[in-house]
Every structure is written in structure tokens, then in C-alpha cells.
Amino acid sequence: MPLDGPATSQESTFQQIIVQDEAVSRISPFAESTHAPLVLIFTRSDCPISNRYAPEVKKIVEQFKPLQVRFWLVYPDPSLTVEKIREHLREYDYPCPGLRDPDHDLVKIAGASITPEVAVYDRSHRLVYRGRIDDRYVDFGKSRPQPTQRDLHDVLDALWAGTDVTFRSATAIGCRIADLSN
Amino acid sequence: MTARHWIIAGICVALIGTLLTVFRWEQRLAHDTQASRAQREQQTPLEPTEPQQRAQPKELTEAEPFTLRPPNSVTYSRHIAPIFFQHCAACHRSGEAGPFALLEYADCRSHASQIADVIRRGIMPPWLPDSKLVNYTDQRVLSATEIGLICQWVDEGAVEGDRSDLPPQPQWVNGWQLGQPDMVLEFPRPFTLPSGGGDVFRNFVIPVGLAEKKYVRAVEIRPGNPRVVHHGVLLIDSTGQSRKLDEEDVEPGFGGMIYGPAAHSPDGFFIGWTPGKMPFQAQADMAWDLNPGTDIVLQLHLVPGGKQEQVEAAIGLIFSDKPPTKIPMVLRVGPRTIDISSGDSDYRIRDQFVLPVDVDVLSVYPHAHYLGRQMLGEIVRPDGFRQPLIRIAAWDFKWQDEYRFPTPIPVEKGATLSMEFSYDNSPENIRNPSQPPRRVTYGPESSDEMGDLWVQVLPRNERDRDILRAARAKKDFEAELMGCAFEVKIRPKDIKARYNLACMLESLGELDAAAAHYTQALRISPEHAPSMNNLGVVRCKQGRYADAIPHLEKALRLSPDLEDARHNLNLAREAIKQAPKP
């Protein structure tokens, strides 16, 4: 379900639990990121590929956060408690908040199917990219020594440069979100 | 002369015959390259050439194919849990290498389609050898029925079923799997693995501090943090060189895939750790010597997992109270002349070792780096019958292991241990350390390549062991000589390569050839004192003492601490004094 049109009002009505430091509240990442590019990073705490990407995610967040890009880690595992999310954010030193998405509202909006997978929205909240963070992994247990294409970094770079970015997707490798459906 | 010197002398005599081959080596290499290129064009997988003559033991005959069970009849509790408990949970449980547990329905359900995918494609359980061809001890393989049941279960919605059908959960021994060891060795302090970056190879040196010689019957390696330790290899070093390297590095251990010049596997054994592997315990009459003053070197292959981790392995040693009566040996089959041009997707190497005595083959350990693609190891019996030892269709450096045969394979004198490996140095090999690919030659670093089939054999008696040891020494010497000649061919300006070849030729008594290479070495590096000294020594050996003296004097000027040069100079002067006057 690729969404390449403007954000619908429906997107703003979904309220995810946000986990950040000690605070827990309900927010909509779209409503929170008005006029700012927005990145949803789908992850789960027991997915080894997601976890191995933590340093790369951190690097990208730290590079683009000062440029007003909003980052959210999205946890689609309904069994993962707020406390576990907080622990995971702390353990892996993520510099962005986590969102609990037990009913997969954000999963459906973004059309995500894998962890780790990212959905990038531009300032007007058009989905411009969905897929892998980079091309390091090509299959389970099969990875390059270094990525040859840094998809997430490059799309954010293009947004920052003001380039007209049209929707693109790239297959992500990791754990399947469908396995988490009730 | 000591016994060792006699053996070396014997090898040297035997090798003089092979020396001419060395001088023709460059020419022969060119021929080999053409031959292998022609073969490469066919792009055939590695298969024994005479399949009709291949052994097909009864237990390996194809099992009954899986037939689908009635719809919706396959449940986790009745059919799937027993499979996961038996084959997966040893690693997929809390505190072990698997990233998630597979002991409860909810955990299995939350990865169900991924499990079916990796099992269907043979990615899990991780097992490199072709299990249809050869069986090994503790192999991690699922049957066609087990795979079929898992896939049907997932395809039909991965239902739990009646919990009363669940078998009891497996029980694992906490702590040491082989019981309390006789000696436990621990890291002096933990190593901190960074959160990201590439794979880390780290060599940890642990002094043993024995007061007397011990015979080690079993080793249990506890990786400490199995989530980031991908595999471990245990080596010994009696020279203190590894300890020095460790001390020079401020962090615990020292880095690199090369574990130091003096560290080696205990003679006759491979000792390692891979996820899920049970530690091997030899029979009481088969053990290896651990002498006072020897350090243990544990090389760990570590894979960063996204957060900083502490690694603190421990090693348990179990001793035998009697000296071993059965002493296995490890034979290395594989050339040291690997030279893979950039872009070559099917480079092949071959080598063989003819057994001079009857042996029993106990296990094999194939080894290549990131370009390795396929591997084939066989016994070729004297009548031409080919029996596979191992075939790997898709090599993965990260899952390298030792493969032990359930019962030793008796092999008669005159049989050949044969190996053929293929390599992919194209950009399509995603594990290629260089993109774009570059020429890759033999060497121990991860950006070099290797091609070894290590075969652990047990000779039948003391006399056979001596014969086999001499044959192995000859084979290793030949391989090293070829390797040195090859190094000189590909790196003619490399002083180290030239010097090593000259030394080997000198040890063979090929003095003219050795002198020529020392002279070349000195053209490359005119102030290389060891080459200058050795050239003087060669002239002495040739009886040309007057020619030797300027070389030895210069060696001393270049390196006043070179005691060998001083000693040799005195000998040369003395020889001249005592020579009869014309």
C-alpha cells in the first residue's frame, strides 16, 4: 500500500504511545512534526539485524536532527511493554523517541513489512521513501563488509538539498512484521 | 646432529629432486592459469569426476519425501515444539547465541514466517556441508519431514494446538557441559566490543602457569557472551611471543586475524567453539601435551551487535592422568600459490597428499576467507574409488567449523587426500572485502585468501607415525617453497619474499640459486644485513672464503649486533689461515 499522496487527516488521528526518557504520553507523530520531514524507523527488540543497525541509525539521527528532521522508532511488537521499549532505547543508545504501535496503525500507513525498515515523509508528509536503511544486508546471514548504497541517508540528503524527491522503495532485510499480527 | 636435524637433512635430500620444478615454476604457473581458465569457462560446480565410483553409504540414501498432513492438523504443541526443542533451542534460548528464544509458543509464533523461510532455504540451522553426501557427529540438519511439518504449520497459520500435547522442555546443564574441569582459565579482564563497525578478530593470551606437563583430553570454551562471539579457536604458544603482542596492546588481547607468529593448534587437534557445538572429549588414550611455560591463545571472531558488549571467555581443561597412546596428526592439503584476478568468479585450486601409511581419518576442517565459494575434499583410493570427505556448495567464512566423522574412516596406504576449492572475486560476491574487486593472493589477512583442507588422521602405530610425519614435513616444505617462489614471482621487489626464498634454497643446499636470490635481495635493499650475512655464509659453504669476508664484514657494519655475522667472519678468516698455501 504505497502512500505517495499528501497525509490524510486520518494519519493525524492515530495516537501512539510515545516513550522518551521517563515520560510516557500519547501523540501522533504526524501531528507532532508539522512542516518537518519525518522518519519512522520500524524496529523490534529481538531482531538482530535491527539491533545491528543501531549505531548507523544513531549516526543518521545525529546528522539530520539539527536540520529539523523528526525521527521516531516504531515498535510493532504488541507484547513489548513501555518499560521494555525504554530499556531497549537506553541499551542501544537511540537518540530519538520510541512509539508503541501494537495495532500496527503506523505499519499500515507506511506500508512497512520488515524490521528494520524506514518510512521517510517530506515536509508536506508525502511518503517519499520506504525500505532498507542501506544495502549492507542482502539476505539472512549475508552481508557486505560495508554498504555500497546508503538509502536513508541519501534520501534525507536530497530532501535537505530541496531536490524534488519522488517515491521510491527498496526491499529491506530483517524480521517480518506480519509475524507479530494477532 | 640431533634427530630433528637428521629429519630436516632427509627432507632436504628428498627435495633436491623437486628443486628443478621450482625453477620451472613460473612457466608452470602460466600453464596452470590457462588450464584453469579453460575450465572456468564451463562454470561447473565442484563434483567428484567419477560419480559412479563415489561412496553412497546406506544411511545417506534419500529419505521418504514429505507428504502433506491433513489440513490444519499440524500444531505447535504436537509437531513443532519437539523439532524446535531438539534442533533449535540449544542456541535459541536465553543467554545463548540465537537472537531470540524458541522455547515458548508466543516466541515461535512471533517469528513464524521468517523461520519457515530460513528453514526452507537451508539458511537455518546453520550447516555448511552437504549432509546428503557425508554424515558428521552433532550435525545440525533437519529431515525433509521436519522441514515439511514446519512449513505446513506456518502456511496454515502457525496454530498452537492442545497444550497437553507439549513435550517437556529440554533441560540443559548449567555451567560446564563436561562437568567441573580440572583447570579453569579466565581472561584477566573483559574486552569491550564496540557497538558497531566491522567484524573484530581478537587474540587473548592466557598464561597457564603449569608446574608440570599435563595431557589435555578435553577443552571446553565458554565464550562468555555468545551473542557477539561468532567463533573461537584455541591455540598454544610456548615462545612467549603472543604474550608480548598482548602486552604491547593496551586493550585485553591483540587484534588481527593472524594470531601471532608462534601460536599454533595443539599438535594433532583442532580446538574451537561455534554456537551450539558440544565440546569434544577425546578418549582417555588420546590427548595433547601442555607443557609448563606454554600460554593458551584464544582467538575470537566477534560481531558487533549494535550496543557495546563485554566479552570475557573462560576455558576449562580436562586432563588425562596417563600419557596418550594414540596421537593423531593434522595433514594440510592446499596450495600456497593462490592468485585470483579481479572479477574472476570461478577461480579454482587443487592439491593432494598421498598417504604413505594406513591411517584412520577422524575429522576435516576446511578453510578459506571471504572469496571462497565451493569446496570438495575426497579420499581417492588406490583403485580410483573416490570417497567424499566434505562438499560445501556455498562456503561462508563465518560458519567455519571442524567436521568429525561418527566413526573413523580407515584409509589404506597409497590413497590420496584430494581437495578442490573455488573462489568468487567478482563484484557479485557481496562478501568480497574489496569493491571494486582487486587481485587477491595467498595470505593470512582477511583481504588475502587461503585454501586449506585440514585432515585429522590417526596413524596405526609409532613407526607409521614417523613415516607420516616425515611425509607431512616434506609436503609442508614443498608447499612453503612453492609459496615463496610464488611470492617472488608476484612481488619481485619484495625483500622479505626474496629473502625467504633464498633461505629455503640455501637450506636445500642449492647454493648457487640461493646466492642469486640473496644478491637480488641486496639489489632491492643494499643494507639488508641478514641477506648480506647469509650471502657470506653461502660463499663459505661453497669454499669461497675470500669472497665471503667482504659480505660478512659489511653485514657487521650494517648491524654491529649481528652476532652470527661476527661468528661467521671469524670462521671464514680461520679457514683462510688454515688453507694450504699454493
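Tabulated data
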quantity: For the protein assembly as shown, share of DSSP beta bridges that run antiparallel, in % to the nearest 5; calculated: 90 percent
quantity: For chain B: relative contact order, % (alpha-carbon pairs under 8 angstrom, 6 or more apart); calculated: 15 percent
quantity: Solvent exposure, largest accessible area first (probe 1.4 Å, DNA, RNA and ligands not counted), of B:E563, A:E117, B:E160; calculated: B:E563, B:E160, A:E117
quantity: Segment B:197-244 shape via C-alpha gyration tensor axes, a/c threshold 1.5; calculated: oblate
quantity: Full-extension gain in nm, A:K108 to A:V138, via 0.36 nm per residue minus C-alpha separation; calculated: 8.4 nm
quantity: Ranking by accessible area, most exposed first, for B:K474, B:K413 with a 1.4 Å probe; calculated: B:K413, B:K474
quantity: Isotropically averaged projected area of segment A:81-150, using the convex hull of Cα atoms (one quarter of hull area), nm²; calculated: 6.4 nm²
quantity: Simple spin-label estimate for B:Q169 and B:F319 in nanometres, 7 Å along Cα-Cβ; calculated: 3.9 nm
quantity: Convex hull of the protein assembly as shown built on C-alpha atoms - directionally averaged projected area, nm²; calculated: 40.7 nm²
quantity: Percent RCO, i.e. relative contact order, over segment A:75-182, from Cα pairs under 8 Å lying at least 6 residues apart; calculated: 27 percent
quantity: Largest to smallest accessible area among B:T441, B:T192, B:T407 [probe 1.4 Å]; calculated: B:T407, B:T192, B:T441
quantity: Two-site label geometry, A:A158 and B:E186: point separation in nm, points 7 Å out along Cα→Cβ; calculated: 5.5 nm
quantity: Square roots of five times the Cα gyration tensor eigenvalues for segment B:495-578, Å; calculated: 19, 15, 9
quantity: Solution diffusion estimate, µm²/s, Stokes-Einstein, segment B:157-215, Kirkwood Rh from C-alpha pairs, 37 °C, viscosity 0.692 mPa s; calculated: 185 µm²/s
quantity: Residue-level accessible surface for A:T81, protein heavy atoms, 1.4 Å, Å²; calculated: 70 Å²
quantity: Selected from B:P194, B:S238, B:A263, residue furthest toward positive end of dipole (segment B:183-320; charges at beta carbon); calculated: B:P194
quantity: Entries of B:K474/B:K496; A:K58/B:K307; B:K541/B:K577 with Cα pairs more than 18 Å apart; calculated: B:K474/B:K496
quantity: Assigned charges on the beta-carbon of Lys, Arg, Asp, Glu; segment A:9-180 dipole about Cα centre (debye); calculated: 240 debye
quantity: Exposure of B:Y347 as accessible area (Å², to 10), given a probe of 1.4 Å and all protein chains; calculated: 30 Å²
quantity: B:R120 - accessible surface, heavy atoms, 1.4 Å probe, Å² rounded to 10; calculated: 130 Å²
quantity: For segment B:58-165: rounded, prolate or oblate by the Cα gyration tensor [a/c cutoff 1.5]; calculated: oblate
quantity: Binned Cα-Cα distance frequencies in segment B:542-582 - 5 Å width, integer %; calculated: 5, 27, 31, 19, 11, 5, 2, 0
quantity: Dimensionless Rg ratio for chain B, taking C-alpha atoms and the 2.2 N^0.38 Å reference; calculated: 1.11
quantity: Per-residue [θ]222 nm for chain B (sum of -39500 (n - 2.57) over DSSP H runs n ≥ 4, rounded to 500); calculated: -10000 deg cm²/dmol
quantity: Rg/Rh ratio calculated on Cα atoms of segment A:9-180 (Kirkwood radius); calculated: 0.93
quantity: Computed FRET value (nearest 0.05) for B:K581 with B:R491, which takes r as the C-beta separation and R₀ as 60 Å; calculated: 0.80
quantity: Aspartates and glutamates with Cα under 15 Å of A:K108, excluding same-chain neighbours fewer than 8 positions away; calculated: A:D4, A:E11, A:D77, A:E117, A:D179
quantity: Separation in nanometres of the label points that stand 7 Å from Cα toward Cβ, at A:Q68 and B:S447; calculated: 4.3 nm
quantity: 17 Å Cα-Cα reach of A:K84 towards aspartates and glutamates, excluding residues that sit fewer than 8 places from it in its own chain; calculated: A:D21, A:E22, A:D46, A:D93, A:D101, B:D107
quantity: Calculated from backbone phi, Karplus (6.51, -1.76, 1.60) coupling profile of segment B:286-293 in Hz, x at Gly/Pro; calculated: 10, 8, 10, 7, 10, 9, x, x
quantity: Kirkwood-Stokes translational diffusion coefficient of segment A:16-85, alpha-carbon pairs, 4 °C, 1.567 mPa s, µm²/s; calculated: 98 µm²/s
quantity: Segment B:183-320: projected area of the alpha-carbon convex hull, averaged over directions, in nm²; calculated: 7.8 nm²
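The values are calculated or read from the model by the stated rules, or taken from the named source; none is laboratory data. What you see is a predicted model, and the numbers here were worked out from it, not measured in a lab. Quick reminder, even Gly has a Cβ in these numbers, built from the backbone with ideal geometry, and neighbours come from all protein chains shown. The protein model used for the area step is the full one, side chains on, heavy atoms only, and it has no ligands, DNA or RNA in it. Shrake-Rupley method; radii C 1.70, N 1.55, O 1.52, S 1.80 Å.
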